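In what follows, a single structure is set out as structure tokens and then discussed.
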Amino acid sequence: QVQLVESGGGLVQAGGSLRLSCAASGGTFSSYDMGWFRQAPGKEREFVATITTNGGRTYYADSVKGRFTISRANAKNTVYLQMASLKPEDTAIYYCAAGLRPSYRVLTLVNQYGYWGQGTQVTVSS
């Protein structure tokens, strides 16, 4: 059982940067693939990025490739999302998630994650 808490959201102008953090507790952090999702008002929750247990493999949604970077510090039980060149369409609540089960495939679906944080708001102004 893992508890996740996101932080680092805020208001930023288009073209700016933000770094989100997700602190984990209550489980063996290094045993979980981790992911970031986002949800805008009136829209479904969508995949953003994922990283494997040891950080050796990452995968990104096409919409954020080249702009966002996911990383993790297992010694700190923390996963990060560095966001650059932000666009108004990046505005959403961003959620951190821990994978439901081990897999050799990358995890991109909501139902592949069993633990979720409360979310942190990111707003990008034009």
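Given the conditions (1) touching a Cys at 6+ places or on another chain (Cβ under 9 Å); (2) at pLDDT below 95; (3) of a type in the set (S, T, N, Q), which single one is not true for residue 120?
Single failed check for residue 120: (2).
Can you tell me which residue is nearest to the chain's Cα centre (by Cα) among those in the range 33-44 that are closer than 16 Å to residue 95 by Cβ and surrounded by fewer than 17 Cβ atoms within 10 Å (Cβ to Cβ)?
Ranking the qualifying residues of the range 33-44, first place goes to 39.
Restricting attention to the range 48-59, and to residues there that are in contact with a strand residue (DSSP E or B) (Cβ under 6 Å, 6 or more places away or on another chain) and open to solvent by less than 40 Å² (accessible area, probe 1.4 Å), which single residue is farthest from residue 12 (Cα to Cα)?
Across the range 48-59, the extreme among qualifying residues is 55.
Restricting to the range 5-32, and then to whatever is within 16 Å of residue 75 (Cα to Cα) and under 11 Å from the mean Cα position of the chain (by Cα), can you tell me which residue is least open to solvent (accessible area, probe 1.4 Å)?
Going through the qualifying residues, I end up with 22.
This table checks each residue for (1) over 24 Å from residue 87 (Cα atoms); (2) at pLDDT 95 or above.
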| position | (1), (2) |
| --- | --- |
| 5 | yes, yes |
| 11 | no, yes |
| 28 | yes, no |
| 37 | no, yes |
| 64 | no, yes |
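Each row is one residue, and each column tells you yes or no for (1) in contact with a His (Cβ under 7 Å, 6 or more places away or on another chain); (2) free of Cβ contacts under 8 Å to residues at least 12 places away in the same chain; (3) open to solvent by 50 Å² or more (accessible area, probe 1.4 Å).
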position: 61; (1), (2), (3): no, no, no
position: 69; (1), (2), (3): no, no, yes
position: 79; (1), (2), (3): no, no, no
position: 92; (1), (2), (3): no, no, no
position: 96; (1), (2), (3): no, no, no
position: 104; (1), (2), (3): no, yes, yes
position: 108; (1), (2), (3): no, no, no
position: 115; (1), (2), (3): no, no, yes
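Checking residue 73 against (1) farther than 17 Å from residue 43 by Cα; (2) in contact (Cβ under 8 Å) with a residue 40 or more places away in the chain; (3) open to solvent by less than 60 Å² (accessible area, probe 1.4 Å): exactly one of these is not met. Which one?
All conditions pass for residue 73, except number (2).
The values are calculated or read from the model by the stated rules, or taken from the named source; none is laboratory data. All values reported here derive from a predicted model rather than from experimental measurement. Note that each Cβ is placed from the backbone with ideal geometry, even for glycine, and that neighbours are counted across all protein chains shown. Areas reflect the complete protein model, heavy atoms only, side chains present, ligands, DNA and RNA absent. Shrake-Rupley method; radii C 1.70, N 1.55, O 1.52, S 1.80 Å.
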